[in-house]
1. Just for strands (runs of 3 or more DSSP E) wholly inside region 38-116: which have at least 3 residues that are surrounded by fewer than 23 Cβ atoms within 10 Å (Cβ to Cβ) and on the phi < 0 side of the Ramachandran plot?
2. Collect the residues in region 66-115 that are closer than 23 Å to Tyr233 by Cα, modelled with pLDDT of 95 or more and aliphatic (A, V, I, L, M), keeping them in residue-number order.
3. Report the residue count in region 139-153 for those that are of a type in the set (D, E, K, R), assigned to a strand (DSSP E or B) and surrounded by 19 or more Cβ atoms within 10 Å (Cβ to Cβ).
4. Touching a Ser or Thr at 6+ places or on another chain (Cβ under 9 Å) and farther than 18 Å from Arg31 by Cα, is that true of Gly143?
5. Pull up region 183-200, narrow it to residues that are farther than 19 Å from Asp146 by Cβ and modelled with pLDDT of 95 or more, then point me to the one that is farthest from the chain's Cα centre (by Cα).
6. Among the numbered criteria (1) farther than 26 Å from Ala79 by Cα; (2) surrounded by fewer than 18 Cβ atoms within 10 Å (Cβ to Cβ); (3) in contact (Cβ under 8 Å) with a residue 60 or more places away in the chain, which single criterion is violated by Gly186?
7. What are the pairs with Cβ atoms under 6 angstrom where one residue, in region 204-217, is closer than 16 Å to Gly186 by Cβ and the other, located anywhere, is outside any helix (DSSP H, G or I) and of a type in the set (Gly, Ala, Ser)? Sequence gap at least six, or different chains.
8. Among (1) assigned to a helix (DSSP H, G or I); (2) buried (at least 17 other Cβ atoms within 10 Å of the Cβ), there is one condition Arg214 misses while meeting the rest; what is its number?
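The values are calculated or read from the model by the stated rules, or taken from the named source; none is laboratory data. In this text the structure is predicted, and so the values were computed from the model without any measurement. So basically every Cβ, Gly included, is an ideal-geometry build from the backbone, and we count neighbours across all protein chains shown.
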Amino acid sequence: MTFDDAWAHARDVEGWLTEAQARRLFAAASRAGAGGNAARVVEIGSFRGRSAIVLAGGTPEVVCIDPHAGSDRGPQEIAADADRGRADHEAFAANLARAGVTARVRHVRAFSDAALEQVPGPVDVLFVDGAHRFGPARADLVGWGDRVRPGGRMLVHDAWSSVGVTLALLTTTVFARRWRYVGRSGSLAEFAREDAGGARNALRQLRELPWFARNVVVKALILARVRRGPWPY
């Protein structure tokens, strides 16, 4: 499946992934599986399948981790809600089937910390888009980040946009020697698992903080109903 094929199926699925971000995800998945390699691609936070379809278009198998509990769906939908979760799960399955990628997706319906025991082995590409609060976000970056093999990639959505995710990055990647900051498409940041210690790598990430500050101001204005959307992501 080409990127255009995958995006044609994914773009109308409810979600927050932009086309530029989808291209970055697709490229990472495609590189990992190039030459017939049995790459392991793991997604944390699937919602209704927009990003899962893109990833499945680029690689033969994607492990999608999402409890579909109706929680952490957005800034004002943090608490669990069984009805929302049921609707999300049904939409997720229907969207995968419509895109023709059901056979390429293994859905682990569990919270990401519990799923660590259900998905053994190293990871080639990790896409983190789970709970955006500091604690869960940091746990994903540490726990699942440890599973990314040397040379693999970790992509993080709402980086330098969500307060919780940004604080998690500041405590896990900015001064870490094992993560080289590749760049971002909007709020989708990409990291390579390789020795990249040093001030230059940290500085490249710290230079994103003015953009982060701008996003926080925009969100505050939207919540105060002083400004209309779109929500920055």
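1. Working: elements: 41-44, 62-65, 105-108.
In region 38-116, the matching strands (runs of 3 or more DSSP E) lie at 105-108.
2. Ala91
3. Residues of region 139-153 of a type in the set (D, E, K, R): 140, 146-147, 149, 153.
If we keep only those that are assigned to a strand (DSSP E or B) too, we end up with 149, 153.
Adding the requirement that they be surrounded by 19 or more Cβ atoms within 10 Å (Cβ to Cβ) leaves 153.
Number of matching residues: 1.
4. Values: touching a Ser or Thr at 6+ places or on another chain (Cβ under 9 Å): yes; farther than 18 Å from Arg31 by Cα: yes.
In short, yes.
5. To start, the set of residues in region 183-200 that are farther than 19 Å from Asp146 by Cβ comprises 183-188, 198-200.
Right, trim to modelled with pLDDT of 95 or more and you get 183-188.
Numbers: Gly183: 14, Arg184: 12, Ser185: 12, Gly186: 12, Ser187: 10, Leu188: 7 Å.
Restricting to residues being farther than 19 Å from Asp146 by Cβ and modelled with pLDDT of 95 or more, the top hit is Gly183.
6. All conditions are met except number (2).
7. Pairs found: Asn215/Ser161.
8. Result: Arg214 fails condition (2) only.
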